[in-house]
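Peer 1: Structure below; questions to follow.
What follows draws every value from the coordinates through simple rules; no lab data is involved. Note that the structure is predicted; figures quoted are calculated from it, not measured. Methodologically, a virtual Cβ is constructed for each residue, glycine included, from the backbone with ideal geometry; neighbour enumeration extends over all protein chains shown.
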Ligand SMILES: Nc1ncnc2c1ncn2[C@@H]1O[C@H](COP(=O)(O)OP(=O)(O)O)[C@@H](O)[C@H]1O
Ligand SMILES: [Mg+2]
């Protein structure tokens with residue numbers, strides 16, 4: 001399998017008034033084409049910072065990101081992002097929100113206007129929102145808004161999907177539906193996915209590989225060799241699932257207390 005993303009020796013500092021705060025130190029990670037990885041870590045360990053560097057919103061202090069073997073600087077049409085807070089335009093309908101970014105990228109691919117509309121409608125259908133196509137965000141529930149954000153990201157037709165805790169504000173039942181949706185769609189559309197979460201169960205359901213982070217560093221990578229589709233109720237109790245679950249729990253919680261004490265030391 002070819003490497004889609006290579007993160008090489010990334011360091012990143014937030015610069016404050018008088019001093020710099022080191023948020024990431026020497027991050028190295030490779031993601032294969034078509035691979036679905038979850039970055040799992042407690043709050044404040046640097047997950048969003050890493051994703052923002054991948055997305056090109058933040059520039060690393062040192063190190064580099066390669067996509068398809070080429071160094072990237074800044075954002076690009078090869079990456080689409082879904083954030084926790086939906087970030088839809090409130091004054092645009094579902095269809096217009098999805099069309100907004102897609103127009104440029106679909107034009108670049110030489111699709112005619114009719115084809116562009118067909119494709120955008122196809123993505124809205126894929127997330128189950130054809131009935132709401134002309135509604136505005138305020139008329140939609142949080143779960144529906146997040147479906148729009150997913151359709152919008154898919155419509156960019158980027159190879160890479162970056163998602164930052166996209167379902168953490170969604171109630172548990174809807175959350176399972178959306179996890180299933182993202183899992184299916186990423187496979188149908190052959191995406192390479194980097195999905196940030198602090199939820200161990202979510203990481204096991206979705207990922208081919210979970211990258212456990214501790215503050216500033218990658219701690220461990222754990223392969224999740226469970227077949228898809230993964231139905232939580234069916235997995236719970238199976239020896240292999242429980243073994244992976246235990247491994248993740250101990251990796252995730254080990255040192256957390258110690259790190260918190262370090263943070264509050266005066
Ligand atoms: N804009 C910022 N300025 C200064 N420090 C920041 C800023 N954003 C995040 N941080 C700090 O960087 C660390 C990593 O943050 P973040 O990447 O948001 O963590 P996570 O997404 O894992 O919760 C945290 O200690 C956080 O307080
Ligand atoms: Mg975050």
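Peer 1: Return the calculated 222 nm mean residue ellipticity for the chain, to the nearest 500 deg cm²/dmol, obtained by summing -39500 (n - 2.57) across DSSP H runs with n ≥ 4 and dividing by the residue count.
Peer 2: Working: 9 runs with 104 residues, N = 266.
Calculated at 222 nm, the ellipticity per residue is -12000 deg cm²/dmol.
Peer 1: Expressed as an acute angle from 0 to 90° and rounded to the nearest 10, what is the orientation of the C-alpha long axis of helix 239-253 relative to the principal long axis of the chain?
Peer 2: Roughly 70 degrees, rounded to the nearest 10.
Peer 1: Quickly work out the residue 228-to-residue 17 label distance, labels modelled 7 Å from Cα along the C-beta direction, and quote it in nm with one decimal.
Peer 2: Distance between the two pseudo-spin positions: 4.9 nm.
Peer 1: Report for the chain the percent antiparallel among DSSP-assigned beta bridges with both residues inside it, nearest 5.
Peer 2: Numbers: 22 of 40 bridges.
Here the antiparallel bridges make up roughly 55 percent for the chain.
Peer 1: Now, a different point. Run the simple label-point estimate for residue 107 and residue 249 please: 7 Å along Cα→C-beta, distance reported in nm.
Peer 2: 5.3 nm
Peer 1: For the range 137-213, take N as its residue count and report Rg(C-alpha) divided by 2.2 N^0.38 Å.
Peer 2: Values: Rg = 12.2 Å, N = 77, 2.2 N^0.38 = 11.5 Å.
Dividing the Cα radius of gyration by 2.2 N^0.38 Å gives 1.07.
Peer 1: Nearest 10 degrees, 0 to 90: what angle lies between the long axis of helix 113-126 and the longest principal axis of the chain (Cα atoms)?
Peer 2: 50 degrees
Peer 1: Compute the helix-to-body angle for 172-188: its Cα long axis versus the longest principal axis of the chain, expressed 0 to 90° and rounded to tens.
Peer 2: Helix 172-188 sits roughly 80 degrees off the main axis of the chain.
Peer 1: For the chain, set up a Gaussian network in which alpha carbons nearer than 10 Å are linked by springs, and say which option among 112, 197, 49 fluctuates the most.
Peer 2: Taking springs between Cα atoms under 10 Å, the residue moving most is 112.
Peer 1: Follow-up question, since we're still on this one. Whole angstrom only: what separates the Cα centroid of the range 82-139 from the Cα centroid of the range 160-189?
Peer 2: 17 Å
Peer 1: Taking every DSSP beta bridge with both residues inside the range 156-266, roughly what % is antiparallel (nearest 5)?
Peer 2: 55 percent
Peer 1: Can you tell me the convex hull volume per residue for the chain, based on C-alpha atoms, in Å³ to the nearest whole number? Kindly include the intermediate steps, with their values, before the conclusion.
Peer 2: Values: hull volume 39.3 nm³, N = 266.
So the per-residue hull volume is 148 Å³.
Peer 1: Can you compute log10 of I(q)/I(0) for the range 101-146 with the Debye formula, treating each Cα as one identical point scatterer, at q = 0.15, 0.27 Å⁻¹?
Peer 2: -0.45, -0.97
Peer 1: Distance between Cα centroids, the range 1-30 to the range 38-55: provide it in whole Å.
Peer 2: The two parts, judged by their Cα centres, are 10 Å apart.
Peer 1: Packing-wise, with mean Cβ within 10 Å as the measure, how do 148-154, 72-78, 62-68, 189-195 rank, highest first? If you can, show how the numbers build up before the last one.
Peer 2: Values: 148-154: 26.1, 72-78: 12.7, 62-68: 15.6, 189-195: 21.1.
Going from most to least packed, we get 148-154, 189-195, 62-68, 72-78.
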